[in-house]
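Novice: Before anything else, here's the structure in question.
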Amino acid sequence: MRFEQTMVGDVLVAKVLDSRIVADVAPRFKHQLTDYITGGNRSIVLDLGAVSFIDSSGLGALVSSLKVIGRDGDLVLCGIAGTVASMFKLTRMDKVFRMYGTTEEAVAAISSDDGVSVEQAALRN
Amino acid sequence: LKDVCLIALTVNKICEHLQMDPVEAYRVELCAVEAATNTIRHAYGNRSDAEVWVTLTIQDRKLEVEVADTGLAMLAAQVSRLRDGSDVFGFDASDRNTLPVGGMGLQIMHEVMDEVSYETDGRVNRLRLAKQLR
């Protein structure tokens, strides 16, 4: 899997450069996200703008990463195409992951969280 | 597993030819991918020499995808989850501990397709998925 990484303050912005996140690449996808997290990144924006297809294996890798990052970190998504967004809706993962149109919006949102996870935010609301 | 994309691309092109709505086309392609992946993983244990036969039939705007293999047959519990559905998506979205990381493929096929069936004659296993197109 190919990624492009940039740091915006304390936020890691990782852009997936491959168009398909499916079973044969899902382990590498998960491994890379886990590396980001164990490397100390607590706020991650994953840009899926180049992704045109994700299956349940890819989704499972994303969910695993969300579990690994724990309550004191967060992983948010941006740039998701309409058809890919329909996959999140079908599986109710649109209720789990926060999704933004652009990286700028995602970075602004995750930066303003001040360490508050989506779980804590949900409890607060 | 890397060759599943060939099935996906073929299904995608056929859906495009049928002028399907993009979301509906994505979901049909997704089901074909989930079915083929499930077969390679479970019937063949990820063997790279696995042979999977995928047949697409379109009649009266009804699309049928059949995925056949000669590996291990699906367990009864899996067939039941495919046919009757499960609560894998009934998680509490605010509690990450309840989120599923696997087992989603069968439920996706159950929810997207109008008809799902699975049969085996002891030699060939056949998973059939059908959807009436709008």
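Novice: Which one is farthest from B:Ser117 (Cα to Cα), of the residues in the stretch B:24-58 that are within 13 Å of another protein chain (Cβ to nearest Cβ) and open to solvent by 50 Å² or more (accessible area, probe 1.4 Å)?
Specialist: Ranking the candidates gives B:Ser48 first.
Novice: Can you report the number of residues in the stretch B:69-107 which are acidic (Asp, Glu), open to solvent by less than 70 Å² (accessible area, probe 1.4 Å) and away from every other protein chain (no Cβ under 12 Å)?
Specialist: 1
Novice: Answer with yes or no whether A:Val22 is in contact (Cβ under 8 Å) with a residue 40 or more places away in the chain and on the phi < 0 side of the Ramachandran plot.
Specialist: It is false that A:Val22 is in contact (Cβ under 8 Å) with a residue 40 or more places away in the chain and on the phi < 0 side of the Ramachandran plot.
Novice: Moving on to the next point. Find the residue count for the stretch A:25-40, including only residues that are farther than 19 Å from A:Leu59 by Cβ and either touching a residue at least 60 places away in the same chain (Cβ under 8 Å) or small (Gly, Ala, Ser) (or both).
Specialist: Looking only at that region, the number is 2.
Novice: What number of residues in the stretch B:108-125 are of a type in the set (D, E, K, R) and either in a strand (DSSP E or B) or buried (at least 19 other Cβ atoms within 10 Å of the Cβ) (or both)?
Specialist: Matching residues across the stretch B:108-125 total 2.
Novice: Which residues, taken from the stretch B:59-68, are surrounded by 14 or more Cβ atoms within 10 Å (Cβ to Cβ) and farther than 19 Å from B:Glu111 by Cα?
Specialist: Within the stretch B:59-68, B:Ala68 is the sole residue that qualifies.
The values are calculated or read from the model by the stated rules, or taken from the named source; none is laboratory data. Just so it is clear, the model here is predicted, and its values are computed rather than measured. No Cβ is skipped: glycine too gets one built from the backbone with ideal geometry, and neighbour counts run over all protein chains shown. Side chains are part of the model used for accessible areas, which takes the heavy atoms of the whole protein and leaves out ligands, DNA and RNA. Shrake-Rupley method; radii C 1.70, N 1.55, O 1.52, S 1.80 Å.
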